[in-house]
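Here the structure is laid out as structure tokens; the discussion comes afterwards.
The values are calculated or read from the model by the stated rules, or taken from the named source; none is laboratory data. Quick caveat, the model's predicted, so the values are computed rather than measured. Here the Cβ positions follow ideal geometry from the backbone for every residue, glycine too, while neighbour counts run over all protein chains shown. For accessibility, only protein heavy atoms count, side chains too; no ligands or nucleic acids. Shrake-Rupley method; radii C 1.70, N 1.55, O 1.52, S 1.80 Å.
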Amino acid sequence: SYSHNVTLSGVFLSRISVNVGYMRDKNFNDMQMPVFDPDSGMMGMVFENAGIQNMAYVSAGLSEQPITKWWNITVNASYRYTNFKAYKGLGTGLDDNYNNIGHSFFGYGSTTFFLPKSFKLGLSGYYATPQKAGFYDIAPMWTVNFNMSKTFLDGKVSLDLYVDDLFNSRCTNLKIYEGTRLAYSIDQSN
């Protein structure tokens, strides 16, 4: 895979970051592609130099912004436009002019509460709208995490509790469409 990237970044007021960029991946192979065997009728998944993917994106973030002495937040949001064009003759069983174009949004947030007696409570999570990547249409994803910590001996020792994916919501559902026809589906969850 060959990737060409251009990014313009800036940081403002020591906490706000902004990025604008463009990426072009030639021989895109970040995800498996479908391969169809017309003799057996079987479909499988292999890593292959599948095509060219162009992506333009913009993101902005606010890092550890204090709201009060005992509470801070971090937020990040990004938008991207993706255009994938498959190489002809790949043997996918899909149209030789396969093109997958989409827009997506991703948001992340975390908050920390500084409590008396060296306790800290935190919540974090993200949400991603439907996305396009290579051949795939990726379903929306979200998760919420919880953490609690207590420090001892002037911060030299820490006891931490972390609950990942509090609502067991994280899943990755991938679909491949040819026009409006569903050609392939993969459903994954915790």
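Within segment 101-124, the set of residues being at positive phi and touching a Gly at 6+ places or on another chain (Cβ under 9 Å) comprises Ser118 only.
Yes or no, residue by residue, for (1) at pLDDT below 95; (2) open to solvent by 70 Å² or more (accessible area, probe 1.4 Å); (3) touching an Asp or Glu at 6+ places or on another chain (Cβ under 8 Å):
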position: Tyr81; (1), (2), (3): no, yes, no
position: Asp96; (1), (2), (3): yes, yes, no
position: Ile101; (1), (2), (3): yes, yes, no
position: Ser104; (1), (2), (3): no, no, no
position: Gly107; (1), (2), (3): no, no, no
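Please verify whether Phe146 is surrounded by 15 or more Cβ atoms within 10 Å (Cβ to Cβ) and under 22 Å from Thr112 (Cα atoms), treating the condition exactly as stated. Can you show your working first?
On the way: surrounded by 15 or more Cβ atoms within 10 Å (Cβ to Cβ): yes; under 22 Å from Thr112 (Cα atoms): yes.
Against the criterion (surrounded by 15 or more Cβ atoms within 10 Å (Cβ to Cβ) and under 22 Å from Thr112 (Cα atoms)), Phe146 qualifies.
Considering segment 150-183, the residues that are crowded, with 16+ Cβ neighbours inside 10 Å and either in contact with a Leu (Cβ under 8 Å, 6 or more places away or on another chain) or aliphatic (A, V, I, L, M) (or both) include one that is farthest from Tyr108 (Cα to Cα), namely Ala183. Among the residues making up segment 1-28, those that are surrounded by 13 or more Cβ atoms within 10 Å (Cβ to Cβ) and part of a loop (DSSP other than H, G, I, E, B) are Arg15, Asn27, Phe28. Only one of the numbered conditions (1) more than 30 Å from Ser9 (Cβ to Cβ); (2) modelled with pLDDT under 95 is violated by Phe146, and that is (2).
Of the residues making up segment 29-42, those that are more than 26 Å from the chain's Cα centre (by Cα) and part of a strand (DSSP E or B) are Phe36, Asp37, Met42. Condition first: without any contact (Cβ under 8 Å) to a residue 24 or more places away in the chain and in contact with a strand residue (DSSP E or B) (Cβ under 9 Å, 6 or more places away or on another chain). Now tell me which residues in segment 6-36 satisfy that. Answer for segment 6-36, where residues must be without any contact (Cβ under 8 Å) to a residue 24 or more places away in the chain and in contact with a strand residue (DSSP E or B) (Cβ under 9 Å, 6 or more places away or on another chain): Val6, Thr7, Leu8, Ser9, Gly10, Val11, Phe12, Ser14, Gln32. For segment 56-64, indicate whether the set of residues that are part of a strand (DSSP E or B), under 30 Å from Phe152 (Cα atoms) and open to solvent by less than 70 Å² (accessible area, probe 1.4 Å) is non-empty. Taking every residue of segment 56-64 in turn, at least one turns out to be part of a strand (DSSP E or B), under 30 Å from Phe152 (Cα atoms) and open to solvent by less than 70 Å² (accessible area, probe 1.4 Å).
Gly89 meets the conditions (1) part of a loop (DSSP other than H, G, I, E, B); (2) open to solvent by less than 60 Å² (accessible area, probe 1.4 Å); (3) not charged (D, E, K, R) in every case but one. The failed one is (2).
Is it the case that some residue within segment 43-51 is in contact with a Lys or Arg (Cβ under 9 Å, 6 or more places away or on another chain) and in a strand (DSSP E or B)? Quick ask: steps written out before the conclusion?
If we filter segment 43-51 for residues that are in contact with a Lys or Arg (Cβ under 9 Å, 6 or more places away or on another chain), which is where we start, we get 49, 51.
If we keep only those that are in a strand (DSSP E or B) as well, we get 51.
Yes: one or more hits.
Screening segment 114-132 for residues that are hydrophobic (A, V, I, L, M, F, W, C) and within 19 Å of Phe152 (Cβ to Cβ) and picking the one that is least open to solvent (accessible area, probe 1.4 Å) gives Leu121.
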